[in-house]
Amino acid sequence: MPIARLFSRNICWVKIYEYNYIVPLGTFDVFSYINKKISMPNTYTQLHIQFVFAVKFRASIIPKDWKGRLLQYVSGIFQNNNHKVLQINCMPDHIHIFIGMRPHQSISSLIQNVKTESSKWINDQDFCKNRFAWQEGYGAFSYSKSHVNNVIKYIQDQENHHKKKTFLEEYEDFLKAFEIEYEEQFIFKALE
């Protein structure tokens, strides 16, 4: 049971079980205030993650005329989840997103949120003749600080990369470079 005592004119002392907290007077939601203060003390991270995922069946249906709006919308989803977008770009059949990730959210829940919200937005805008969806699955590749600039340049230069290799070749190269075991039959499906 919480116990609170006036400590001075401006702050009070709150005891919750064996823990003691100093809370400014006038704080209406004491528990939220304490939660923010203690949620992850002494947690310091530097997480740079590149996400790659494809349009369902790797269909080339993201045209240049709404690509910019899509990139802005997807960036906004990441920002609303308190992550920092370092670079984002897409081709007609897939997207690359490079972020500084905060540890408060799992990768899987973040990507599920991004795919769900962006698919809904694309469909609400009537950008496609048929229902838009992202393919199941994604790639998530982590980088050290020393690689950040190279990854940003790589994502910016997607159009030139794909003059030389397909998305599937690019994706397999990522999996091999990061030594990720995979089964070819489960990599992003093409339309059958």
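The values are calculated or read from the model by the stated rules, or taken from the named source; none is laboratory data. Note that the coordinates shown come from a computational prediction; the quantities given were computed from them, not determined experimentally. Counting neighbours? That spans all protein chains shown, and the Cβs are built from the backbone with ideal geometry, glycine included.
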Answer from Val85, Val74 - the residue that is free of Cβ contacts under 8 Å to residues at least 24 places away in the same chain and farther than 20 Å from Glu170 by Cα: Val85
Test set (1) free of Cβ contacts under 8 Å to residues at least 12 places away in the same chain; (2) over 27 Å from Thr43 (Cα atoms) - Ser106 fails condition number: (2)
Top-ranked residue in segment 168-192 [being more than 18 Å from Val114 (Cβ to Cβ) and touching a helix residue (DSSP H, G or I) at 6+ places or on another chain (Cβ under 7 Å); ranked as surrounded by the fewest Cβ atoms within 10 Å (Cβ to Cβ)]: Leu191
Elements of type helices (runs of 4 or more DSSP H) contained in segment 75-192, each with 3 or more residues being modelled with pLDDT of 95 or more and more than 19 Å from Arg58 (Cβ to Cβ): 107-124, 148-156
Where Phe127 falls short, out of the listed (1) in contact (Cβ under 8 Å) with a residue 24 or more places away in the chain; (2) over 22 Å from Gln72 (Cβ atoms); (3) touching a helix residue (DSSP H, G or I) at 6+ places or on another chain (Cβ under 8 Å): (2)
